[in-house]
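Heads up, the thing below is written out as structure tokens.
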Amino acid sequence: MYRLMLLMVLLLLAVLPVAADRVGPGRQPPPAATPAASLRALKDFKVELLYSVPKDTEGSWVSLCTDPRGRLIVSDQYGGLFRVTPPPVGGKAAETKVEKIDVPLGEAQGLLWAFDSLYVVVNRGQKYASGLYRVRDTDNDDRLDTVDLLRKINGEGEHGPHAVLLAPDGKSLYVICGNATQLMSPLSGSRVPRLWGEDHLLRRMPDGNGFMAGVLAPGGCVYHVDPDGKNWELVSNGYRNPYDMAFNRHGELFTFDADMEWDMNTPWYRPTRVCLVTSGSEFGWRNGAGKWPPSYPDNLPAVLNVGPGSPTGVTFGYGAKFPAKYQEAFFICDWSYGKLYAVHLTPEGSAYRGELEEFVTGTPLPLTDIVINPQDGAMYFAVGGRKTQSGLYRVTYVGKESTAPSKGDDRGAELRAARHKLESFHGRKNPKAVDAAWPFLGHTDRYLRFAARVALEHQDPKTWRDRALAEKGPQAALTALLAVVRVSAADPFHRRRGSAPVDEALMVRVFEALERLSWDQLTDAQRLELLRVYEVALNRLGPPDLEAKKRLVSRFSALYPAKAREHNAELCQLLVYLEAPDVVARTLKLMAEAPTQEEQMEYARWLRVRKTGWTLPQRKEYFAWFLRAAHFKGGNSLGGFLRIMKADAVGTLTAKEKTALKPILEARPAESTPIVGKPRPLVKNWKLDEVVAIVDKGLKTKRDFDRGRRLFGEATCFACHRFDNEGGATGPDLTGVAGRFSVRDLLESTVEPSKVISDQYAAVEITTTDGRVIVGRIVNLSGDAIMVNTNMLDPNAIANVSRKKVESMQTSKVSPMPVGLLDTFKEDEIVDLMAFLLSRGDRNHKLFK
């Protein structure tokens with residue numbers, strides 16, 4: 001009877017709301033991580049909250065690994081190390097055991113158990129020096145007791161050193177670092193040719209807020225390290241801030257790199273992305289507006305663009321008692337938006353392509369790290385960081401599908417083997433390398449071409465330069481000539497004193513070889529490569545002589561403007577650099593017609609450094625653009641970039657021009673104006689069935705790509721959505737919608753946006769104890785502060801909410817996407833807009849023929 005009464009009391013207390021008589025006068029209940037019941041997981045996957053971390057004594061956990069007994073080792077971002085013994089699968093969360101590891105070490109952002117040791121990558125928070133450490137149990141009493149610093153790492157903060165990983169052969173380690181970490185020195189070797197540079201033809205704008213303004217290439221790096229931490233070999237560089245990495249069953253390394261969220265809605269914004277970390281690779285991070293677009297052949301593209309977020313822990317699902325599809329998945333954590341994604345990778349050539357699926361989501365759910373425990377086949381993830389409330393969760397599969405070990409997908413093995421053969425020449429000289437690499441310089445597979453070029457660049461240029469200059473195959477010539485330029489002269493920012501002078505005779509031969517390549521016979525991608533090779537050549541080899549300059553101006557002026565905006569961006573900067581006489585007039589026309597603020601900013605940033613060739617009316621038109629640009633919406637650095645752009649342009653004016661332009665230079669922005677076009681009148685309140693019938697009929701006739709793209713801008717779609725590497729990132733990337741949705745699905749999501757709302761982009765509705773109601777997306781956390789973006793058209797529209805004042809939090813039933821977007825469009829315009837979406841950005845699509 002006593003036990004029954006006690007049980008009833010406990011049950012009553014469990015369901016009653018928190019009140020003063022329960023916790024005592026003036027006391028608050030202990031804080032808890034987000035309950036598992038409020039998280040959303042894929043069908044048949046169960047999420048348990050095993051442990052809410054007491055912040056005052058155990059901090060906020062940011063790193064995980066498993067030990068040989070299936071226990072977890074975790075680290076507080078600003079404190080020590082702890083060992084966690086989880087309950088058996090099916091056991092009670094209350095059985096979770098946490099014990100402090102009694103060693104003078106912590107602040108780890110990378111943990112690994114290997115070689116009978118705990119490897120710790122410390123990213124200095126408050127106490128411990130950044131570096132790679134090895135912690136051991138020297139007396140076999142199951143307690144770690146000895147700490148050795150293997151190698152100091154010069155970097156700290158959120159862009160410092162991060163994960164450590166065991167190599168696939170189990171004999172060595174890999175370490176990954178963010179872009180605030182100095183290059184390890186000395187290096188025992190480098191698979192990356194030590195030729196990196198900024199490679200900007202025109203002066204780069206630093207970050208609009210000055211963030212890391214003086215930091216140059218190589219940016220974030222991946223290293224191959226021996227177990228004793230003595231030998232560090234550079235494997236890959238050009239990242240912004242990847243936190244973690246993982247190998248797949250083919251021995252291929254993947255990471256999840258960060259965006260610069262302050263760049264949102266600028267032409268140089270790059271979303272968070274999954275990258276295949278190949279030997280010798282470069283991924284093009286540069287400070288400020290200098291980030292390389294994915295089209296540049298001297299860097300590699302992402303396997304998958306994800307969108308805005310804060311990448312943290314990653315792992316493959318190998319060893320999990322999950323269905324085969326999820327054993328093979330690459331799981332990636334997004335700290336900002338509370339998303340645990342499953343990335344499904346499909347072999348494509350010698351690389352892969354990725355498809356994104358939400359696996360577990362929650363609000364708030366600041367995911368920090370993730371592991372698969374081989375002992376119980378469960379997934380474990382932690383939340384926390386920046387002193388937020390931390391917790392440990394477990395994910396298990398409770399469905400009926402088989403969880404037998406998966407076998408994987410061996411497609412592409414032959415091409416991957418060819419790439420690995422080329423990569424075996426990286427970092428060393430080999431007389432067989434040139435002949436082995438040459439057939440792959442013109443290969444259709446971009447990763448093979450890249451690996452072949454890197455193999456060449458590690459060899460003595462005297463053994464292959466003449467062959468490259470004589471190469472007649474267009475693709476092979478482009479790849480080989482890029483290598484010639486890179487090995488022949490250093491980037492000016494990285495040129496050492498006393499380096500050899502530029503070989504002017506070589507410059508002439510390079511330009512002659514490039515002039516043999518006919519623009520009309522190149523693909524769009526090859527045209528971009530051609531322009532990029534010219535840019536690198538002019539940057540590294542120096543300005544051409546007068547005759548060569550005239551030939552270049554003649555060639556590029558005949559192509560400008562081109563049909564594709566990507567070509568125009570590169571042609572514009574080349575012609576500005578070459579001081580082409582008519583580039584100002586042509587570019588101002590493009591600016592006036594551009595349907596997105598990104599495209600307008602692209603042209604404006606190049607014109608800002610043009611000193612001559614302006615008429616006074618052209619100057620007025622250019623500076624009037626800044627009054628319209630003041631209404632652009634974007635990341636936190638957008639306003640700073642515009643100020644830098646205008647200041648640079650003012651710096652090119654003569655005293656007489658400054659006097660004449662004083663009224664426009666000192667003018668204040670007027671009321672908000674459209675980014676492109678004029679305000680449109682209402683045409684009709686379109687219904688779904690009406691527009692479906694119109695589009696189905698209209699797509700049977702030839703459509704207008706350029707009008708569709710312009711309308712995409714006028715409908716403000718570009719403000720939130722990326723399409724063909726252009727546009728905002730607060731909404732889903734629409735580039736691939738044609739392969740996933742029918743015409744009716746697309747129109748339904750446009751006409752009736754709240755009918756079905758994706759969890760990935762749903763807003764939350766927060767009610768506070770002081771009567772506030774905030775609706776938006778949680779984008780950041782810090783301690784007890786929750787930051788909510790309340791306007792998806794403006795990434796800077798942030799409301800701050802104290803977690804202590806949150807009374808309720810629920811998913812909003814109203815889509816952030818506005819209604820009536822098509823109501824100002826005529827029938828033909830709606831059809832062209834849909835045709836543009838269905839084209840995947842290809843103006844040669846059959847819809848336009």
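Residues in the stretch 180-197 that are surrounded by 17 or more Cβ atoms within 10 Å (Cβ to Cβ) and closer than 28 Å to L422 by Cα: L183, M184, S190, R191, V192, P193, L195, W196, G197. Within the stretch 560-575, the only residue that satisfies the criterion of being closer than 11 Å to L531 by Cα and open to solvent by 20 Å² or more (accessible area, probe 1.4 Å) is E566.
Number of residues in the stretch 800-825 that are open to solvent by less than 30 Å² (accessible area, probe 1.4 Å) and closer than 23 Å to A33 by Cβ: the value is 2.
Selection over the stretch 294-306 of residues that are open to solvent by 10 Å² or more (accessible area, probe 1.4 Å) and either over 19 Å from the mean Cα position of the chain (by Cα) or touching a residue at least 60 places away in the same chain (Cβ under 8 Å) (or both) gives a count of 6. Among the helices (runs of 4 or more DSSP H) confined to the stretch 412-469, the ones with at least 2 residues that are touching a residue at least 24 places away in the same chain (Cβ under 8 Å) and surrounded by 21 or more Cβ atoms within 10 Å (Cβ to Cβ) are located at 413-423, 446-457. Listed by first and then second residue, the pairs linking a residue in the stretch 247-272 that is closer than 24 Å to L642 by Cβ to a residue that is part of a helix (DSSP H, G or I) and small (G, A, S), with Cβ atoms under 6 Å apart and 6 or more places separating them unless they lie on different chains, are W268/A289. Hey, does the stretch 504-518 have a residue that's out of contact with any Phe, Trp or Tyr (no Cβ under 8 Å at 6 or more places or on another chain), surrounded by fewer than 19 Cβ atoms within 10 Å (Cβ to Cβ), at pLDDT 95 or above and more than 24 Å from P461 (Cβ to Cβ)? Scanning the stretch 504-518 turns up at least one residue that is out of contact with any Phe, Trp or Tyr (no Cβ under 8 Å at 6 or more places or on another chain), surrounded by fewer than 19 Cβ atoms within 10 Å (Cβ to Cβ), at pLDDT 95 or above and more than 24 Å from P461 (Cβ to Cβ). Scoring A592 on the criteria (1) crowded, with 19+ Cβ neighbours inside 10 Å; (2) within 32 Å of the chain's Cα centre (by Cα); (3) more than 21 Å from G208 (Cβ to Cβ) leaves a single failure, condition (1). For the stretch 518-548, the tally of residues that are out of contact with any Leu (no Cβ under 8 Å at 6 or more places or on another chain) and over 17 Å from P474 (Cα atoms) stands at 7. Of all residues in the stretch 89-115, those being without any contact (Cβ under 8 Å) to a residue 60 or more places away in the chain and over 20 Å from M379 (Cα atoms) number 10. Among the residues making up the stretch 144-162, a single one is of a type in the set (A, V, I, L, M, F, W, C) and open to solvent by 60 Å² or more (accessible area, probe 1.4 Å): L149. Taken over the stretch 377-391, residues that are in a strand (DSSP E or B), among the hydroxyl-bearing types (S, T, Y) and within 11 Å of V53 (Cβ to Cβ) amount to 0. Answer with yes or no whether E829 is open to solvent by 60 Å² or more (accessible area, probe 1.4 Å), among the acidic types (D, E) and at pLDDT 75 or above. For E829, the condition - open to solvent by 60 Å² or more (accessible area, probe 1.4 Å), among the acidic types (D, E) and at pLDDT 75 or above - is not met.
Restricting to the stretch 760-778, name every residue that is at pLDDT 80 or above, more than 12 Å from R803 (Cα to Cα) and open to solvent by less than 30 Å² (accessible area, probe 1.4 Å). Matches in the stretch 760-778: I774 only. Of M264, M212, all but one fail to be within 14 Å of the chain's Cα centre (by Cα), at pLDDT below 95 and either open to solvent by 10 Å² or more (accessible area, probe 1.4 Å) or not aromatic (F, W, Y) (or both); the exception is M264. Taking the stretch 609-641 as the range and being within 25 Å of the chain's Cα centre (by Cα), at pLDDT 95 or above and open to solvent by 20 Å² or more (accessible area, probe 1.4 Å) as the test, only G639 passes.
Every listed requirement among (1) at negative phi; (2) surrounded by fewer than 22 Cβ atoms within 10 Å (Cβ to Cβ); (3) not aromatic (F, W, Y) is met by G542 save one, (1). Looking at the stretch 202-293, the strands (runs of 3 or more DSSP E) lying wholly inside it that each contain 1 or more residues that are within 24 Å of V306 (Cβ to Cβ) and of a type in the set (S, T, Y) sit at 232-239, 253-257, 272-277. Checked against the criterion of being crowded, with 21+ Cβ neighbours inside 10 Å, within 29 Å of Y447 (Cα to Cα) and touching a Ser or Thr at 6+ places or on another chain (Cβ under 8 Å), the candidates F331, F322 yield just one match: F331.
Among the residues of the stretch 153-190, those identified as touching a Ser or Thr at 6+ places or on another chain (Cβ under 7 Å) and in a strand (DSSP E or B) are P161, I176.
One residue stands out among those in the stretch 734-753 that are modelled with pLDDT of 75 or more and not hydrophobic (A, V, I, L, M, F, W, C): the one that is farthest from D259 (Cα to Cα), which is R744.
Residue by residue through the stretch 588-622, note down the ones that are part of a helix (DSSP H, G or I), in contact (Cβ under 8 Å) with a residue 40 or more places away in the chain and of a type in the set (S, T, N, Q). Selection gives Q597, Q600. Checked against the criteria, K646 counts as free of Cβ contacts under 8 Å to residues at least 40 places away in the same chain and within 18 Å of N265 (Cβ to Cβ).
What about G70, is it out of contact with any helix residue (DSSP H, G or I) (no Cβ under 9 Å at 6 or more places or on another chain), at positive phi, in contact (Cβ under 8 Å) with a residue 40 or more places away in the chain and not in a helix (DSSP H, G or I)? Spelling it out, G70 is indeed out of contact with any helix residue (DSSP H, G or I) (no Cβ under 9 Å at 6 or more places or on another chain), at positive phi, in contact (Cβ under 8 Å) with a residue 40 or more places away in the chain and not in a helix (DSSP H, G or I). Please find, within the stretch 300-315, the residue that is farthest from A108 (Cα to Cα) out of those that are in a strand (DSSP E or B) and of a type in the set (V, I, T). Once the filter is applied, the top-ranked residue is V306.
The values are calculated or read from the model by the stated rules, or taken from the named source; none is laboratory data. Please read all numbers here as calculations on a predicted model, not as lab measurements. Here the Cβ is made from the backbone with ideal geometry for all residues, glycine too, and neighbour counts use every protein chain on show. Just the protein is used for accessible areas: all its heavy atoms, side chains included, with ligands, DNA and RNA removed. Shrake-Rupley method; radii C 1.70, N 1.55, O 1.52, S 1.80 Å.
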